[in-house]
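The values are calculated or read from the model by the stated rules, or taken from the named source; none is laboratory data. Treat the numbers as computed from the prediction; the structure is a model and nothing was measured. No Cβ is skipped: glycine too gets one built from the backbone with ideal geometry, and neighbour counts run over all protein chains shown.
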Ligand code: PMP
């Protein structure tokens, strides 16, 4: 990803893609002191752009990393990056991180909080699973308790077990891993929320130990508009057997059907297709 043409916004200005580098003593590299957003731009418009920027600032606040930019400044940076790279359909990565500075220990309140915005073309997150249905492994690691780490933050530290679990899943021929949480309830995938269908009603994990994704919230709204009953609740893994359909939601994943989780199978059914198509229409509306 490092060696290509293009522009990246870093700390207030556009730099050449290849020059968007940091020092090895960047605090974030050592202690995971970074928060980020993943967003998609459709036909020149970033879907839920302000909500993403607001969440970034909130993640910074939750992780004791005050980000020295306003929502308007972040919005402007995203527009600048898209324009400089001539992109109208793209994935955006907005990253805020604690840089190198006065301190190299765990405590580094005096080190600067830096920000970078990158955009590139990125197709379907789960490849052909988008139509066929993804196969998920059940992760051996658990989503942590909100008493362990602020789970509402989209923070790098929370992603280490995602990388490990996704690697393990891919080694078994799966597209992704589904986590249970610290209590054993069904939680989320490594970069997406999860929904189930049974008897025409929808069940999705309560957002008390997962990232309450913006796509999750959008999809819940779409289901309610369709008069579909949505149960946000604690779901036990044994219940997977009774569910008929399943899909994942995320800014990168969009709405991706799931065909299998461990030994449980799901059909790519009518509600899954309807919500997936309606989401595609909504983001371009
Ligand atoms: N859970 C996790 C762990 C994620 O990384 C993501 C992607 N940001 C999501 C859920 C979905 O969030 P959103 O719909 O806001 O992209």
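A count restricted to segment 72-96 and to residues that are under 17 Å from residue 59 (Cβ atoms) and over 17 Å from the mean Cα position of the chain (by Cα) stands at 5.
So, in segment 22-48, how many residues would count as being part of a helix (DSSP H, G or I) and surrounded by fewer than 20 Cβ atoms within 10 Å (Cβ to Cβ)?
So the first thing to find is which residues in segment 22-48 are part of a helix (DSSP H, G or I), and the list is 27-31.
Imposing the further condition that a residue be surrounded by fewer than 20 Cβ atoms within 10 Å (Cβ to Cβ) reduces the set to 29-31.
Within segment 22-48, residues that are part of a helix (DSSP H, G or I) and surrounded by fewer than 20 Cβ atoms within 10 Å (Cβ to Cβ) number 3.
Going residue by residue through segment 156-174, is there one that turns out to be near the ligand (Cβ under 10 Å from one of its atoms), in contact (Cβ under 8 Å) with a residue 24 or more places away in the chain, closer than 20 Å to residue 135 by Cβ and out of contact with any strand residue (DSSP E or B) (no Cβ under 6 Å at 6 or more places or on another chain)? So far as segment 156-174 goes, yes, one or more of its residues are near the ligand (Cβ under 10 Å from one of its atoms), in contact (Cβ under 8 Å) with a residue 24 or more places away in the chain, closer than 20 Å to residue 135 by Cβ and out of contact with any strand residue (DSSP E or B) (no Cβ under 6 Å at 6 or more places or on another chain).
A count restricted to segment 117-131 and to residues that are more than 17 Å from the chain's Cα centre (by Cα) and either surrounded by fewer than 13 Cβ atoms within 10 Å (Cβ to Cβ) or at pLDDT 95 or above (or both) stands at 1.
Considering the conditions (1) farther than 18 Å from residue 270 by Cβ; (2) more than 10 Å from the ligand (Cβ to nearest atom); (3) free of Cβ contacts under 8 Å to residues at least 60 places away in the same chain, residue 244 is excluded by exactly one of them, (1). Annotation note: Cβ proximity below 8 Å between a residue of segment 212-226 that is without any contact (Cβ under 8 Å) to a residue 12 or more places away in the chain and closer than 20 Å to residue 181 by Cα and a residue that is away from the ligand (no atom under 13 Å from the Cβ) and part of a helix (DSSP H, G or I) (sequence gap 6+ or interchain) occurs for no pair.
The one condition from (1) within 16 Å of the ligand (Cβ to nearest atom); (2) out of contact with any helix residue (DSSP H, G or I) (no Cβ under 6 Å at 6 or more places or on another chain) that residue 24 does not meet is (1).
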